[in-house]
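Undergrad: First the structure, then my questions, so here it is.
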Amino acid sequence: MILAAFVLVAAAALAAIALGRTHRQMNSACIAEAAIFLVLSVWLILSSQIPMTSLAIGNEFFFIDHLGLYEVLIATVIFLLAAVYARGYVENLIEARELSRGSLKLFYGAWAFLLLVIVLAFFSDNLALFWIFTELTTVISAMLVAILYARDNIDAAIKYIFIASVSMLFSFVGLIFLFEISRSVVGTGTLNWTVLMQQAGSFPPGMVIAAFALIFIGFAAKSGIFPFHTWLPEAHVRAPSAVSAILSGVLLNVGIYGIIRVFAIVHRTTAVSTVSLLLLVFGLLTVFIAALSMLPQKKLKKLIAFSSVENMGILLIGLAVATPLALFWVLFHVMAHAFTKAGLFFSAGILHRQYHSTLSPDAVDDMRDVFTLQPVAAWGIVLGGLAITGMPLFPIFLSKFFLLVQLAGFSPVALVILLVLLFIAAGAFGYFVIRTFTQVSGSGAHAEIVRYQTPAGMNLPVIVLLVLTLILGTVITSGEVAFLNQIVAELMF
Amino acid sequence: MNLAFGLYLVLNTAAVLLIAPLFVSIIKKVKAWAQGRSGPSVFQTYLTLAKLLKKETVYSSHSSWVMRLTPYVSIAAVLVAALFVPLVFVPEPVGGIGNIILLLYLLALARFFMALAGLDAGSSFGGMGSSREMSISAIIEPTTIIVFAALVFVFKSLNVFDMFAASAAAGAPATPTLILLGISLFIILVVETSRIPVDNPETHLELTMIHEGMILEQSGKNLALMELSAAVKLTLLMALLINLIVPFGLTTTLAIGTIAVATVLFVLKATVLAGIIGLFESSMAKMRFFRLPSLFAMAFFFSTLIIIIEVFA
Amino acid sequence: MIDPALVQSVIRILFAVVIVTAAYIISTRNLISLVSVYALQSLTLVLMALALWSLEGATVLLAIAAVTFVSKVLIIPYFIASIQERIRIRRDIEFHFLSPTTSLLLSMALILFIYIALANILEGTPARESLFFFGAVIGLSLMLMGMMVTFSRKRAITKVLGYLSMENGVLLFGMFVTELPFIIEFLIIIDLVILVMLTTILTVGLDSTLEEYHQRLHRFHLVGDTEDGP
């Protein structure tokens, strides 16, 4: 029933967008959709018994458990804020003639549909079904990237589609392996995660490693893990900032979510030590590449995008540790990163609107008088930067700290390497912010830059996210802890 | 040496010499049809050869004995090679005859002398043709070796006679290896006989000609011998392809009836193959010189695949 | 019932056809023949599914054959061909990283690698049986060869064909290793169709003429690197 409610709401939103005539109407439909989704998922958390494995519709294929719900919650919050943000942002894109009014319907239609597909992906029990929804998110989000009809955007979108889809085909081969494993062990093959978790104890380790390695390729590409991360910076930079926030805050989570699910299965077999090593190596490599790419970075959005890559690497390392506590903080980090990163992209978007006439595709970001022109966005970047590099009071500090503590017990060498890399990344971020934001033009030149009147709808999400991360970083409620522990228990760690 | 083998030596050589010009003409005819022309008669090559044999041979004043010797070396090498490839009747091999590596190098010998003769007359076209021919044969060499190695792996013998006997005994089992082998052999055939994606046998356009460039200075009887050896080479490579891939009709017993049937079948199959070559040539454009390796790589790829299959499965 | 030995030999021949088409897709530069070869490859898969059906009798295979025929032999090739008409590109002669020759040589090594790896992984399972094992090896090889096409070609439309050929490999692999539920095969094809539509439409944008692009770029104040136009 509950799934039907989600689908119906999305269908209503799509219909409203199809019928809507003005930009405001379409945007409102998207805001309403995300808000109702949020209400629905909060209601699910508060009222129903989860995990729900027997749904009235889509039995066998769908289920709702704490992890799925948690991800849906994060996704809907970001979608809601991004939709509010898009109201002013897209209006300005149209005024600057970077987006044609004719593409608006397509843009918001894809937006509304993307949210539905993501929710369905998180509620999929059948891994093949999850795979297909993940593929669809690639296609739809690529459409959102390509919507600005400039050559670079199409290039970035095509690169994104091909890297992600080609890798996802490897995942599918991995799923076929998994299916064959369960068929040869139990007799009737299945790809239902809940069933696989029960059977996993008797899986032969050799084939499980092969299956995981193949599945990992696809989801790693989705979440921007080295060496499949190359699409990520381009797509994030080219996309409209509202979309960048979704790409970074929600779509990367889809990939990590897939890895967590499959790793949970592997964790029940004897193959876990090999797979942990694989995750650790790829995690470290990812952080390494991201940190080094951040260092000489001269463009704000690219810097933030590489920071996403870095955080995905940290998540992998946390998974590799594979203790219940590490998993707990991995899950916490997923949420913390999503909210912080969305805030950063929103701020970057405001700055891009302010300076878009002076920003050239290849040169250094030339931003002057940031604090006088766009105080909210500037503080958003400064505080968001502090948050993402893991300063105290912010949630990422907690998750990074405890993940590092857990890592110390797993592999001290990796801990040292990771610490050095994290310092490099933090230094890169700090250096960029200090260098760029201290540029002040002389008194005479001030008049040249026209202040971009940021609509309240664009500043609001930044402030909301900053407050939200501050709360998350300072107050940890018992309900939150219980919820995350419930997820850890369901993943049988 | 028994009677059957002696008979084979005589008859096979005679048959090759007799029908070789026919297939050259058939390919020309098919190409003419594909271009919407009626083309010369299928016996035109015989007439041309007869005419050339009556003509006087002219040597350039710069040329040496190489020029005089080459036609005879060429025809001799090719005819000996033709002995290695039975057309319709496979006798028991005697001595070392039929060794596939020797076959390859007999063809290389003819080619080597042809290239020398191209250089010998001192004309610029001859030198150009020779240098191109030698570059191509250097590139195709590994591929040819691999294709022949694949043949050896599939038929478990180095001897062409044994291969033919094995394939004749098996009838026509269309196995995947044979399909891949057929494609590889076809590519080798096209390259070795200077056909279209590699060389154009019909043009004397100075920029593209390879084979024709080398025999540009030949005249009269010598030219006739060169043309004939090219025709024989074509026929023997065609026979190799046909008798390995579609061997039905090929006989190992010496009896008038079976040999007559086999002959008729062979001429039919070879005509069809000549038609295929003609159509293939008409459908392709000549490749740029530096792009040829990708054609050879195809044959190389398939042959290696065959070897992998044969070794592992 | 047809003689199983005959069906098996037919399947083996179809394997050879698949390999030949894959090699052709890697090395050709002619876009029009690329599409028809892709259609031929898909048709081979349809025939293979039918042959397997006559061997095993699973109706899923029949359904797969039907869906594959409609989508991959008819709709997608037709769609791509009509797009090609519009963008007026006949030849694809630009390559990243790998030339066709290198790709062919590389794919040989890949096939060998897959053979050995699969032989180790599938040891002791029913899929290790000769015919099915070969199907799996060729499926994976086709997939990796398609991947090389996707990464070595510059034109987006050839990349699409490489991706499609990869997907054929996955289908082949799935057909021979195990019996997936039909709904999943069907959804994959839906996904494929959407992806092809989107990428080819984007391709029209990407591969359209330089003048149109100049206009757009001027309109967006984005005049930058336009010298590497199509």
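Undergrad: Report, by residue number, each residue of segment A:294-312 that is at pLDDT 90 or above and surrounded by fewer than 23 Cβ atoms within 10 Å (Cβ to Cβ).
TA: Correct list: empty.
Undergrad: Of the conditions (1) within 11 Å of another protein chain (Cβ to nearest Cβ); (2) touching a residue at least 40 places away in the same chain (Cβ under 8 Å), A:Leu136 satisfies every one except a single condition; which number is it?
TA: (2)
Undergrad: Working carefully through the options A:Phe228, A:Phe212, find the one that is at pLDDT 90 or above and not basic (Lys, Arg). Walk me through how you get there before you give the answer.
TA: Details: A:Phe228 fails: at pLDDT 90 or above.
Going through A:Phe228, A:Phe212 in turn, just one is at pLDDT 90 or above and not basic (Lys, Arg): A:Phe212.
Undergrad: Then there's this: The conditions are (1) free of Cβ contacts under 8 Å to residues at least 24 places away in the same chain; (2) under 17 Å from A:Gly318 (Cβ atoms), and A:Glu480 fails exactly one of them. Which is it?
TA: For A:Glu480, the exception is condition (2).
Undergrad: OK, next. Applying the selection to segment B:280-297, what residues are in a loop (DSSP other than H, G, I, E, B) and of a type in the set (Gly, Ala, Ser)?
TA: Keep residues of segment B:280-297 that are in a loop (DSSP other than H, G, I, E, B), which gives B:284-288.
Of everything in segment B:280-297, just one residue is in a loop (DSSP other than H, G, I, E, B) and of a type in the set (Gly, Ala, Ser), namely B:Ala285.
Undergrad: Output the residues belonging to segment C:144-161 that are more than 8 Å from chain A (Cβ to nearest Cβ), part of a helix (DSSP H, G or I) and farther than 18 Å from A:Phe228 by Cα.
TA: Passing the criteria: C:Met145, C:Ile157, C:Thr158, C:Val160, C:Leu161.
Undergrad: Determine if segment A:106-128 includes at least one residue that is farther than 21 Å from A:Ser41 by Cβ, within 11 Å of chain C (Cβ to nearest Cβ) and among the aromatic types (Phe, Trp, Tyr).
TA: no
Undergrad: With B:Ile308, B:Ile277 as the choices, which residue is assigned to a helix (DSSP H, G or I), at pLDDT 80 or above, surrounded by 15 or more Cβ atoms within 10 Å (Cβ to Cβ) and facing chain C (nearest Cβ under 10 Å)?
TA: Exactly one residue qualifies, and that residue is B:Ile308.
Undergrad: Output the residue which, of all residues in segment A:143-154 that are facing another protein chain (nearest Cβ under 7 Å) and assigned to a helix (DSSP H, G or I), is nearest to A:Leu93 (Cα to Cα).
TA: Taking segment A:143-154 and keeping what is facing another protein chain (nearest Cβ under 7 Å), we get A:143, A:146, A:149-151, A:154.
Pick out the ones that are also assigned to a helix (DSSP H, G or I) and you get A:143, A:146, A:151, A:154.
Details: A:Met143: 16, A:Ala146: 14, A:Arg151: 16, A:Ile154: 17 Å.
Of everything passing the filter in segment A:143-154, A:Ala146 is nearest to A:Leu93 (Cα to Cα).
Undergrad: Hey, another quick one. Pairs under 9 Å by beta carbon, first residue facing another protein chain (nearest Cβ under 9 Å) in segment C:191-208, partner modelled with pLDDT of 75 or more and not in a helix (DSSP H, G or I), six or more apart or different chains?
TA: C:Thr203/C:Arg155; C:Leu206/C:Arg155
Undergrad: Among the candidates B:Ala224, B:Ala239, B:Ala231, which residue alone is crowded, with 22+ Cβ neighbours inside 10 Å, at pLDDT 90 or above, closer than 30 Å to C:Ile19 by Cα and of a type outside the set (D, E, K, R)?
TA: Unique residue meeting the criteria: B:Ala239.
Undergrad: Look through A:Glu180, A:Glu234 and report the one residue that is in contact (Cβ under 8 Å) with a residue 24 or more places away in the chain, of a type outside the set (Gly, Ala, Ser), within 11 Å of chain C (Cβ to nearest Cβ) and out of contact with any Pro (no Cβ under 8 Å at 6 or more places or on another chain). Steps first, answer last, please.
TA: Working: A:Glu234 fails: within 11 Å of chain C (Cβ to nearest Cβ).
Just one listed residue meets the conditions, A:Glu180.
Undergrad: How many of the residues in segment A:264-279 are touching a residue at least 40 places away in the same chain (Cβ under 8 Å) and part of a helix (DSSP H, G or I)?
TA: Of segment A:264-279, the ones touching a residue at least 40 places away in the same chain (Cβ under 8 Å) are A:264-272, A:274-279.
Applying the additional criterion that residues be part of a helix (DSSP H, G or I) yields A:264-267, A:272, A:274-279.
The number of residues fulfilling the criteria is 11.
Undergrad: Given the structure, is C:Glu185 buried (at least 24 other Cβ atoms within 10 Å of the Cβ), away from chain B (no Cβ under 14 Å) and not in a loop (DSSP other than H, G, I, E, B)? Break it down into steps so the answer makes sense when it comes.
TA: Values: buried (at least 24 other Cβ atoms within 10 Å of the Cβ): no; away from chain B (no Cβ under 14 Å): yes; not in a loop (DSSP other than H, G, I, E, B): yes.
Against the criterion (buried (at least 24 other Cβ atoms within 10 Å of the Cβ), away from chain B (no Cβ under 14 Å) and not in a loop (DSSP other than H, G, I, E, B)), C:Glu185 does not qualify.
Undergrad: Please give the helices (runs of 4 or more DSSP H) falling wholly within segment A:313-400 in which 2 or more residues are at pLDDT 90 or above. Even if it seems obvious, please write down each step before you answer.
TA: Numbers: elements: A:324-355, A:370-373, A:375-389.
Output list reads A:324-355.
Undergrad: Looking at segment A:433-455 only, could you name the residues that are of a type in the set (A, V, I, L, M) and either assigned to a loop (DSSP other than H, G, I, E, B) or modelled with pLDDT of 80 or more (or both)? Spell out the reasoning first.
TA: Just the residues of segment A:433-455 that are of a type in the set (A, V, I, L, M), to begin with: A:433-434, A:440, A:445, A:447, A:449-450.
Matches in segment A:433-455: A:Val433, A:Ile434, A:Val440, A:Ile449, A:Val450.
Undergrad: Still on this structure: Somewhere in segment B:262-269, is a residue part of a helix (DSSP H, G or I), modelled with pLDDT of 90 or more, surrounded by fewer than 17 Cβ atoms within 10 Å (Cβ to Cβ) and under 16 Å from the mean Cα position of the chain (by Cα)?
TA: yes
Undergrad: Just the residues that are touching a residue at least 40 places away in the same chain (Cβ under 8 Å) and facing chain B (nearest Cβ under 8 Å), please, taken from segment C:6-21.
TA: C:Arg12, C:Phe15, C:Ile19
Undergrad: A follow-up question, please. Would you call C:Tyr78 more than 14 Å from every other protein chain (Cβ to nearest Cβ), crowded, with 19+ Cβ neighbours inside 10 Å and either of a type in the set (Ser, Thr, Tyr) or not in a helix (DSSP H, G or I) (or both)? Spell out how you get there, then give the answer.
TA: On the way: more than 14 Å from every other protein chain (Cβ to nearest Cβ): yes; crowded, with 19+ Cβ neighbours inside 10 Å: no; either of a type in the set (Ser, Thr, Tyr) or not in a helix (DSSP H, G or I) (or both): yes.
Here the answer is no, as C:Tyr78 does not meet what is asked.
Undergrad: Please tell me if B:Met298 is more than 7 Å from every other protein chain (Cβ to nearest Cβ), within 20 Å of C:Pro100 (Cα to Cα), touching a Leu at 6+ places or on another chain (Cβ under 9 Å) and at pLDDT below 90.
TA: The answer is no for B:Met298.
Undergrad: Being within 21 Å of B:Ile187 (Cα to Cα) and either modelled with pLDDT of 90 or more or part of a helix (DSSP H, G or I) (or both) is true for just one of B:Leu104, B:Leu116. Which residue is that? Walk me through how you get there before you give the answer.
TA: On the way: B:Leu116 fails: within 21 Å of B:Ile187 (Cα to Cα).
The conditions single out B:Leu104.
Undergrad: Can you tell me which condition A:Phe162 does not meet? The list is (1) farther than 30 Å from A:Arg97 by Cα; (2) within 11 Å of chain C (Cβ to nearest Cβ); (3) among the aromatic types (Phe, Trp, Tyr), and all the others hold.
TA: For A:Phe162, the failing item is (1).
Undergrad: Sort out which residues of segment C:22-48 are in contact (Cβ under 8 Å) with a residue 40 or more places away in the chain, within 22 Å of C:Phe134 (Cα to Cα) and within 13 Å of chain B (Cβ to nearest Cβ), and write them in order of number.
TA: C:Ala22, C:Ala23, C:Ile25, C:Ile26, C:Met48 - these are the residues of segment C:22-48 that are in contact (Cβ under 8 Å) with a residue 40 or more places away in the chain, within 22 Å of C:Phe134 (Cα to Cα) and within 13 Å of chain B (Cβ to nearest Cβ).
Undergrad: Working only within segment A:74-123, note down all residues that are more than 19 Å from the chain's Cα centre (by Cα), in contact (Cβ under 8 Å) with a residue 40 or more places away in the chain and not in a helix (DSSP H, G or I).
TA: A:Ala96, A:Glu98, A:Leu99, A:Ser100
Undergrad: Then there is this: Out of all the residues in segment B:182-228, which are β-branched (Val, Ile, Thr) and in a loop (DSSP other than H, G, I, E, B)?
TA: Step one: filter segment B:182-228 for residues β-branched (Val, Ile, Thr), giving B:183, B:187-188, B:190-191, B:193, B:196, B:198, B:203, B:208, B:210, B:215.
Across segment B:182-228, the qualifying residues are B:Thr193, B:Ile196, B:Val198, B:Thr203, B:Thr208, B:Ile210, B:Ile215.
Undergrad: So how many residues does segment B:131-168 have that are polar (S, T, N, Q) and either over 20 Å from the mean Cα position of the chain (by Cα) or surrounded by 21 or more Cβ atoms within 10 Å (Cβ to Cβ) (or both)? Give the steps one after another, and end with the answer.
TA: Here is the first cut: in segment B:131-168, the residues polar (S, T, N, Q) are B:131, B:135, B:137, B:143-144, B:157, B:159, B:167.
Checking the rest, the ones that are also either over 20 Å from the mean Cα position of the chain (by Cα) or surrounded by 21 or more Cβ atoms within 10 Å (Cβ to Cβ) (or both) come to B:131, B:143-144, B:157, B:167.
So the answer is 5.
Undergrad: Further question: I'd like the full set of residues that are under 19 Å from C:Ile116 (Cβ atoms), without any contact (Cβ under 8 Å) to a residue 60 or more places away in the chain and of a type in the set (Ser, Thr, Tyr), limited to segment C:129-178.
TA: Selection gives C:Ser130 alone.
Undergrad: Additional query: Taking into account only those residues within segment C:151-196 that are closer than 15 Å to C:Ser71 by Cβ and of a type in the set (Phe, Trp, Tyr), which is modelled with the lowest pLDDT?
TA: Filtering first and then ranking leaves C:Phe182.
Undergrad: Right, A:Phe170: under 21 Å from A:Gly68 (Cβ atoms), in a helix (DSSP H, G or I) and at pLDDT 90 or above or not? Spell out how you get there, then give the answer.
TA: Details: under 21 Å from A:Gly68 (Cβ atoms): no; in a helix (DSSP H, G or I): yes; at pLDDT 90 or above: yes.
No.
The values are calculated or read from the model by the stated rules, or taken from the named source; none is laboratory data. Keep in mind that this is a model prediction, so the values were computed, not measured. For neighbour counting, all protein chains shown are included, and Cβ atoms are generated from backbone atoms with ideal geometry for every residue, glycine included.
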